[in-house]
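Presented below is the structure to which this report refers.
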Amino acid sequence: MPTVKHKPLPIMTDFLRPGMRLGVAVSGGADSVALLRRFAELWQEFGLVLTVLHVHHGIRGIEANEDAVFVEQLAESLSLRFLRRDVDTLDRAEGEGETIEEAARKLRYAWFEDLLAKGALDAVLTAHTLDDQAETVLLKLLRGAWTEGLAGIFPVVERTGGLILRPLLRTRRLEIEAWLKQINQPWREDSTNTDALYTRNRIRHNLLPILAEYNPQIVAQLGQIASIARDEDSYWHKELERFLPSLLLPGRAVRGGGRGTSTNPNEASVAMEVEKLRSLPLALRRRVLRAAAEQIGCVLNFDQTELLLAMSVQKAGKRESLTAEIHAERTPRELRLVRLATEEDSEDLPEYEVPIPGEVVADTFGFRMVTYVGDSCEFSPAKLRVYRAGDRVRLRYSSGLKRIKEVLERMRVPTEQRKRWPVLEWQGEIVWVRGAAIESYAGTAAGLKIETKDLP
């Protein structure tokens, strides 16, 4: 290993322990090269065992081949083991209906997680920087994220068998490049990093420079927001675990005391005593309402949450629909959220949980569904099911909500097929109907895209 004669690049090391077997993900770009060089300096201090990991995505032709050779030679010069994984990103993207960026990310992390699960490594290091964090926070802010979304990129992520670690998450990209020049270490430039087709690139090259004119410390402050949001969300999660058992009641109150619940597996309800709910701070009330809705399969957006807050201080007798199958009731003592089985559910068809982003094979409907959001964001899952009476959607280029029954009539779907017609419900809205061009607030805010491919 080379002798260190320069000022070290500041990184986070509080998660290291002696003897860790670390895989360093190196693309050849400045950030990942700096990550590798810095940890090559730390191996003796911490007794680390380093392996260089490089993924050749099968795109960018000669440029990608040269990247792979560059990384292998760098690993060899540092006397480190080198592992290369070749993948066909274009084939994955086409076969799974993903963007090239999303397909590449999934293939890359699938390899990392496989190495961790097999016990080959204790952790994989990725070179996400403070600039990446700022871009991610802005992306999620523009899409209407709650505080958990503003937490951005986590410095430590637990995976089966090990960890994903981001030691450079507090380090600026300019600082990294200056350090590499100081130690005379070259790096590779990825030509796609300037492609304006990618939202992240537009934020990086267009939006952030404009914001920096108003506040030169905008990147650092967005990173601070992410740190605050992570800590806030962790605190409130623990508070919810403490409060929810005494606040949420199953079913509905019955005469003589006790609670009554439905025996229909498609029905569920949860209630909260209004006086107890009112006594809570507003921030906790919002989180309690969202947690209550999640127990019956509904992810509330901001407007739905505010509607429930208003109902909690209104007179009894108020009733509002949150989705086609979930409504809220205000009784004299309680605010109840109810999920009802609908009249048109004549066929007992399975429902599928669809990760966002991710994929699911829906045998019942005869297709594979893939969802993606274009960036490394993760959301609560959606539900793929048959359409139900009362489901409403907003057709693209039209105003107002339309009943799905009317939409299917316009599409001239045969009557016998309508009861098996698939829709995707997410964050309290129908965000996809097979064969229909629709829009939704949740889908638009998250940049959600949905693809299906018929099964053989």
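Read the figures in this text as sums done on the coordinates, not as results from a lab. Since we're looking at a predicted model, the values are computed, not measured. Positions of Cβ are generated from backbone atoms using ideal geometry, with glycine treated the same way; all protein chains shown enter the neighbour counts.
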Query raised in the report: Quick one: THR415, THR364, fewest Cβ neighbours within 10 Å first, how do they rank?
Result: THR415, THR364
Report task. List the DSSP H helices in the chain whose Cα atoms stretch 27 Å or more along the helix axis and whose mean Kyte-Doolittle hydropathy is at least -1.0. Result -> 218-247
Query raised in the report: What are the radius of gyration and Dmax of the chain, computed over its Cα atoms and given in Å?
Result: 25.4, 81
Report summary line: Summing -39500 (n - 2.57) over every DSSP H run of at least 4 residues in the chain and dividing by its residue count gives a helix-only mean residue ellipticity at 222 nm, to the nearest 500 deg cm²/dmol, of -11500 deg cm²/dmol
**Report entry** THR444 versus ARG84: modelled label distance in nm, points set 7 Å from Cα along the beta carbon direction
**Finding:** 4.7
Requested in this report: Report Rg(Cα)/(2.2 N^0.38 Å) for region 21-232, keeping two decimals.
Outcome: 1.03
Query - When each of LYS402/LYS453; LYS140/LYS419; LYS140/LYS238 is checked by Cα-Cα distance, pairs over 31 Å - result: LYS140/LYS419
Requested in this report: Could you check the simple spin-label distance between VAL49 and ILE296, using points 7 Å along Cα→Cβ, in nm with one decimal?
Outcome: 5.3
Report task. Using label points projected 7 Å from each Cα along Cα→Cβ, tell me how many nm separate ARG319 and PHE154, to one decimal. Result -> 4.1
**Report entry** Calculated diffusion of region 352-454, Stokes-Einstein form, Kirkwood radius summed over Cα pairs, 10 °C and 1.306 mPa s, µm²/s
**Finding:** 114
Query raised in the report: Between HIS237 and ASP91, what length in nm is gained on full extension when 0.36 nm per residue of separation is reduced by their alpha carbon distance?
Result: 48.5 nm
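Return a whole-number percent for the relative contact order of the chain, with Cα pairs under 8 Å and 6 or more residues apart as the contact set.
12 percent.
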